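Remarks on the structure that follows.
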Amino acid sequence: MLDVQMSNTHSPSDAAFAISHHSLDQHTSVVTPAGELDLTTAPTLKWTLAELIESGHDRLVLDLSAVSFLDSTALGVLVGICKVLAPKGRLALACPHQSVLRTFQITGLDSRFELFETLDSAVDFARGDTAR
């Protein structure tokens, strides 16, 4: 399990950013960022997702349950990952908190991403166990 931690120095609360992932099978991984996904931390998310794709994981679940804030830089990373996975892979986002979900709704990206209220639902979709 990869666990990368970065200090989020621009935040008044001086919150830490962490990201971890675990494989469910040879094609499916769950990635769990914690803290703020912004200009400072989005590159770590991009690197983590790109490494997983490069290693053959084409069904990714992003568990956003521990994300407190999401900015346009992070959204750009997710759009880019979606394009990379589009031919054959899947990206499912577990987005249980209204504050983070609202970011997708305001930007109109809620229609572009597969958003789920629970991690289990997102995993089922990523694995192909359910259709959308």
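The values are calculated or read from the model by the stated rules, or taken from the named source; none is laboratory data. Model, not experiment: these values are computed from the prediction. Neighbour counts run over all protein chains shown; Cβ positions are idealised from the backbone, glycine included.
Observations on the model:
- Screening residue 55 against (1) among the polar types (S, T, N, Q); (2) modelled with pLDDT of 95 or more; (3) surrounded by fewer than 16 Cβ atoms within 10 Å (Cβ to Cβ); (4) within 20 Å of residue 120 (Cα to Cα) leaves a single unmet condition, (4).
- If the condition is being closer than 18 Å to residue 34 by Cα and out of contact with any strand residue (DSSP E or B) (no Cβ under 7 Å at 6 or more places or on another chain), then the range 77-100 contributes 77, 78, 96, 97, 98, 99.
- Remark: residue 76 matches the filter, which requires a residue to be more than 20 Å from residue 25 (Cα to Cα), without any contact (Cβ under 8 Å) to a residue 60 or more places away in the chain, under 12 Å from the mean Cα position of the chain (by Cα) and surrounded by fewer than 14 Cβ atoms within 10 Å (Cβ to Cβ).
- Taking the criterion of being assigned to a strand (DSSP E or B) and either surrounded by fewer than 20 Cβ atoms within 10 Å (Cβ to Cβ) or not acidic (Asp, Glu) (or both), the residues of the range 28-52 that qualify are 28, 29, 30, 31, 32, 33, 34, 35, 37.
- Conditions (1) touching a Ser or Thr at 6+ places or on another chain (Cβ under 9 Å); (2) over 18 Å from residue 26 (Cα atoms); (3) of a type in the set (Val, Ile, Thr): number failed by residue 81: (1)
- The condition of being exposed (fewer than 13 other Cβ atoms within 10 Å of the Cβ) and among the acidic types (Asp, Glu) holds for only one of 110, 129, that being 129.
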